[in-house]
Amino acid sequence: MTLYKQLTLGAIACSFTVCLILFMVLCFSNTTVLKNQQENYIEQILSSNITVLTSIINRDIPQKEKTQLIESVLNSLLDQPMISSASFQVNSNSFDKNLTNNNQNNTRASMPAWFKFIFPINSLTVSKQRIDPFVTLTITTNSAYSYQQLWSKTLHSGFIAFVLFFISLFLTIPLLTYGLRALKKITAYSARLPYQSISLPPQQDLRTIVKMMNQMHAHLEVNFKEQAHEAVKLRERAYRDEVSGLGNRTFFINELNSWLKKSHNGGLAIIKTTLIDDNYHNFGYESGDSLVKQIASKLNESIIYSDLILARLSIDEFAILVPNITVEKLKLMGETILSVVEKVQLDSSIQDEQSTRVGLLLNDIPTTAGTLLTQLDNALSKAAQDPQQPAVLVKGSQTETALGKQQWKSLLLESIANNYFAFHFQPVIFKEADIYHFEVLTSIKKGKEEFSAGQFLGALEDLGIGSLFDRHVIQDIIKKLNHNRKLGPLAVNLTYSSISDPTFIRWLGSLLQNNKALAGRLYFEIPESSFIRQPDATGLLCSAIQFNGFGFGVDNYGRHFKSLDYLNEFRPNYVKIDFAYTHQLNDQTKSDLLASISRTAHRLNIKTIATRVETETQLERLSELFVNGFQGYIIEKRNGVLVEKNMIGSSTAPNSIKVL
């Protein structure tokens, strides 16, 4: 509960208590007044009426007439609402017998019984006598009349207390709102991400708190930037070529192994140019370094693919990895590479028509990084042997079942129409063996054939219809979550084309708004390259997800040689560390780098998850390196929760499902 609500409820309680006490005081005061009024009134009535009755008795008139006059006086007494009964007794020599008259007023009170219990007013019976002649007048008060008066006064007092209560609220609540407006502003700014410095409020005590918060924020901001820059520098020393700014040989081999574990469908290129060596030899290191930077920059600008890996293998060699690329595009990429280097050569003073050779390799079978590099070297050797063919393409296999882009498109449309999609839910666990979520791995199953997402996503991205695939998967997953409350939480991967599609972002925002009940049971995973290359579109997507209460994570965290400052801007729920950092952990450099980038996420309270955890040794080593969660085959197998197709998960929130 907020301080404003506490103070408001306290003010309401105090006002209510004061008004209630005032009301009770008025009620008891009215009761006392009515009792005193009743006593005074009956004394006056007795004194005046006994005199009248005595005078009637002393008159020299017939007894019958005296009786009638006495009854008339008594009846006039009973006409008064405060008197319930009156009796008159006479004992005189002038009467043959005693005269007694006793009449009653039957007036009744209409009020709740509990009211009579709380405020009792008893009937009062008083007698007055005269000796000469000997007469007695007895009057009993009517408590019902007194109760009616008290009830009327109580209602009036209650109305006054009620009005005072609302007047006090009308004055107190605006004063609290006005007095705490600065605190409310501080709270709103503190909850806003990213945090912004708060202007100093007029209140002296709050001013001190705000100064401390701003100083702490500035200090944390500096520490985070230092930590992020430290992680970037450490990563650069381990995996980045200092001259070109690209990844080095170690980085490329790690990414190659990661790709082979995941898909193994795609193309590779190796570029070797004598321009660099000649420049170093003829013009010195400064000129040579400048040429390397120029070639690297031009290659990076000219070759644009969603998941491109570009690295410098040696002094005069560059390598490129493009998953899920077609033969035509791989050939076009080879021509682009030659064109880029040729333009750089025209700007230099070295003229050599055979300065650059390109080896291209198309692979679609499981293999090893060493084998692929050997095949690339062979392709490069063939290119060097034929001056007329500076770029040579070889294929890792001639798979007959490989499909073209249009065939993949037809298969996708057919799968959407006939619901050929199958889902495998792979768990992500935390150290406490709690399941955080299940990642949705989608495949197409048509008859006896099954195609994984890694086989067809590249073609869908090339055709720009990845959003069509994402829409169907998301709708299907939401239907499953709505139908089965025990399913989830689930995490769905988004394609690059969806992230850059404004129509998809609007569609997803509307869909999530209509399914807010699933918040906490559905996450979205966005590739890190989207945060680097498409920050504006990615920002819109993340805003739509967070606005509706859903979460998102970063996939392939740490892959790109850019600052990690984007974490502070977007604040994802979790990051999935790139596979290049989570294997071969006996390498101390790689372990230090993993710990560094994990600490950067920890500083922002972002969970870190290691993927493709396949051995117990790898799991134990990762547990020591600031990694929160784990995902992979060993996670499914070791806990006895080997997740099958369409597995049912948990209905509870993250961090609450125990693995048996």
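The values are calculated or read from the model by the stated rules, or taken from the named source; none is laboratory data. These numbers come from a predicted model, not from an experiment. We place every Cβ from the backbone using ideal geometry, glycine too, and count neighbours over all the protein chains shown.
Residues in the range 604-637 that are in contact with a helix residue (DSSP H, G or I) (Cβ under 7 Å, 6 or more places away or on another chain), surrounded by 15 or more Cβ atoms within 10 Å (Cβ to Cβ) and assigned to a helix (DSSP H, G or I): how many? Summing the residues that are in contact with a helix residue (DSSP H, G or I) (Cβ under 7 Å, 6 or more places away or on another chain), surrounded by 15 or more Cβ atoms within 10 Å (Cβ to Cβ) and assigned to a helix (DSSP H, G or I) in the range 604-637 gives 2. When the range 556-573 is limited to residues that are surrounded by fewer than 24 Cβ atoms within 10 Å (Cβ to Cβ) and touching a residue at least 60 places away in the same chain (Cβ under 8 Å), the one that is nearest to LYS262 (Cα to Cα) turns out to be PHE561.
One line per residue, one yes/no per condition, for (1) assigned to a loop (DSSP other than H, G, I, E, B); (2) out of contact with any His (no Cβ under 9 Å at 6 or more places or on another chain); (3) touching a residue at least 24 places away in the same chain (Cβ under 8 Å):
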{"position": "PHE451", "(1), (2), (3)": "no, yes, yes"}
{"position": "GLY454", "(1), (2), (3)": "no, no, yes"}
{"position": "GLU461", "(1), (2), (3)": "no, yes, yes"}
{"position": "SER467", "(1), (2), (3)": "no, yes, yes"}
{"position": "ARG471", "(1), (2), (3)": "no, yes, yes"}
{"position": "GLN475", "(1), (2), (3)": "no, yes, yes"}
{"position": "LYS479", "(1), (2), (3)": "no, yes, no"}
{"position": "ASN482", "(1), (2), (3)": "no, yes, yes"}
{"position": "LEU487", "(1), (2), (3)": "yes, yes, yes"}
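Just checking, does the range 330-343 include any residue being under 44 Å from the mean Cα position of the chain (by Cα), within 30 Å of TRP259 (Cα to Cα), surrounded by fewer than 21 Cβ atoms within 10 Å (Cβ to Cβ) and of a type in the set (Lys, Arg)? The answer is no; no qualifying residue exists.
Within the range 288-307, being of a type outside the set (D, E, K, R), in a helix (DSSP H, G or I) and either buried (at least 23 other Cβ atoms within 10 Å of the Cβ) or over 38 Å from the mean Cα position of the chain (by Cα) (or both) holds for GLY288, SER290, LEU291, VAL292, GLN294, ILE295, ALA296, SER297, LEU299, SER302.
Taking each residue of the range 148-162 that is assigned by TED's automatic domain parsing to the domain that holds ILE21 and touching a residue at least 40 places away in the same chain (Cβ under 8 Å) and looking for partners that are loosely packed, with under 14 Cβ neighbours inside 10 Å and among the hydrophobic types (A, V, I, L, M, F, W, C) with beta-carbon atoms closer than 8 Å, six or more apart or interchain, yields ALA161/LEU20.
Taking the listed residues LEU308, LEU330, LEU346, the one that is of a type in the set (A, V, I, L, M), under 20 Å from PHE251 (Cβ atoms) and in the same structural domain as PHE251 (by TED's automatic domain parsing) is LEU308, with no other qualifying. The lone criterion from (1) surrounded by fewer than 21 Cβ atoms within 10 Å (Cβ to Cβ); (2) closer than 21 Å to SER510 by Cβ; (3) aliphatic (A, V, I, L, M) left unmet by ILE474 is number (1).
Please work out which residue is surrounded by the most Cβ atoms within 10 Å (Cβ to Cβ), limiting yourself to the range 241-269 and to residues that are under 14 Å from ILE315 (Cβ atoms) and in contact (Cβ under 8 Å) with a residue 24 or more places away in the chain.
LEU246
Right, LYS431: under 30 Å from GLU624 (Cβ atoms) and out of contact with any Lys or Arg (no Cβ under 8 Å at 6 or more places or on another chain) or not? Yes: the conditions hold for LYS431. Each residue in the range 518-544 was checked for being under 24 Å from THR442 (Cα atoms) and of a type in the set (Gly, Ala, Ser), and 5 pass.
Restricting the range 308-323 to residues that are touching a Ser or Thr at 6+ places or on another chain (Cβ under 7 Å) and either in contact (Cβ under 8 Å) with a residue 60 or more places away in the chain or under 18 Å from HIS264 (Cα atoms) (or both), the residue that is surrounded by the most Cβ atoms within 10 Å (Cβ to Cβ) is ARG312. Just to be sure, is SER650 closer than 21 Å to GLU528 by Cα and either assigned to a loop (DSSP other than H, G, I, E, B) or modelled with pLDDT of 80 or more (or both)? Taking the combined requirement at face value, the residue does not satisfy it. Within the range 485-503, does at least one residue satisfy the condition of being over 19 Å from HIS472 (Cα atoms), of a type in the set (Lys, Arg) and either within 19 Å of the chain's Cα centre (by Cα) or assigned by TED's automatic domain parsing to the domain that holds GLY553 (or both)? The answer is yes; a qualifying residue exists. Scanning for something modelled with pLDDT of 80 or more, exposed (fewer than 12 other Cβ atoms within 10 Å of the Cβ) and not basic (Lys, Arg), does the range 90-102 turn up at least one residue? Looking through the range 90-102, none of the residues is modelled with pLDDT of 80 or more, exposed (fewer than 12 other Cβ atoms within 10 Å of the Cβ) and not basic (Lys, Arg). Can LEU69 be described as at pLDDT 80 or above, in the same structural domain as GLY158 (by TED's automatic domain parsing), over 19 Å from LYS128 (Cβ atoms) and not in a strand (DSSP E or B)? Taking the combined requirement at face value, the residue does not satisfy it. Would a scan of the range 526-545 turn up a residue that is within 27 Å of ARG240 (Cα to Cα), aliphatic (A, V, I, L, M) and assigned by TED's automatic domain parsing to the domain that holds THR600? Within the range 526-545, one or more residues are within 27 Å of ARG240 (Cα to Cα), aliphatic (A, V, I, L, M) and assigned by TED's automatic domain parsing to the domain that holds THR600. Is it the case that some residue within the range 217-240 is buried (at least 17 other Cβ atoms within 10 Å of the Cβ) and at pLDDT 80 or above? Checked the range 217-240: at least one residue is buried (at least 17 other Cβ atoms within 10 Å of the Cβ) and at pLDDT 80 or above. Inspect the range 577-594 for any residue being under 23 Å from the mean Cα position of the chain (by Cα) and within 30 Å of LYS480 (Cβ to Cβ) and give the result as yes or no. Within the range 577-594 (the criterion being under 23 Å from the mean Cα position of the chain (by Cα) and within 30 Å of LYS480 (Cβ to Cβ)), the answer is yes, since at least one residue qualifies. Any residue that is of a type in the set (A, V, I, L, M, F, W, C), assigned to a helix (DSSP H, G or I), over 36 Å from the mean Cα position of the chain (by Cα) and assigned by TED's automatic domain parsing to the domain that holds LEU332 - is there at least one of those in the range 266-275? Yes. Quickly run through the range 35-60 and pick out the residues that are surrounded by 15 or more Cβ atoms within 10 Å (Cβ to Cβ) and either of a type in the set (A, V, I, L, M) or without any contact (Cβ under 8 Å) to a residue 12 or more places away in the chain (or both). Answer for the range 35-60, where residues must be surrounded by 15 or more Cβ atoms within 10 Å (Cβ to Cβ) and either of a type in the set (A, V, I, L, M) or without any contact (Cβ under 8 Å) to a residue 12 or more places away in the chain (or both): ILE42, ILE45, LEU46, ILE50, LEU53, ILE56, ILE57.
Selection of the range 513-550 for residues being in contact with a Ser or Thr (Cβ under 9 Å, 6 or more places away or on another chain) and of a type in the set (Phe, Trp, Tyr) yields only PHE531.
I'm checking my understanding of the structure. Among residues of the range 8-34 that are crowded, with 16+ Cβ neighbours inside 10 Å and within 23 Å of SER146 (Cα to Cα), which one is nearest to the chain's Cα centre (by Cα)? Only one residue fits best here, namely PHE23. The single residue among SER123, SER168 that is in a helix (DSSP H, G or I) and either modelled with pLDDT of 70 or more or within 30 Å of GLU569 (Cα to Cα) (or both) turns out to be SER168.
Residues checked against (1) of a type in the set (D, E, K, R); (2) out of contact with any strand residue (DSSP E or B) (no Cβ under 7 Å at 6 or more places or on another chain); (3) at pLDDT below 90:
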| site | (1), (2), (3) |
| --- | --- |
| SER467 | no, yes, yes |
| GLN475 | no, yes, no |
| LYS486 | yes, yes, yes |
| ARG506 | yes, yes, no |
| LEU511 | no, yes, no |
| GLY520 | no, yes, yes |
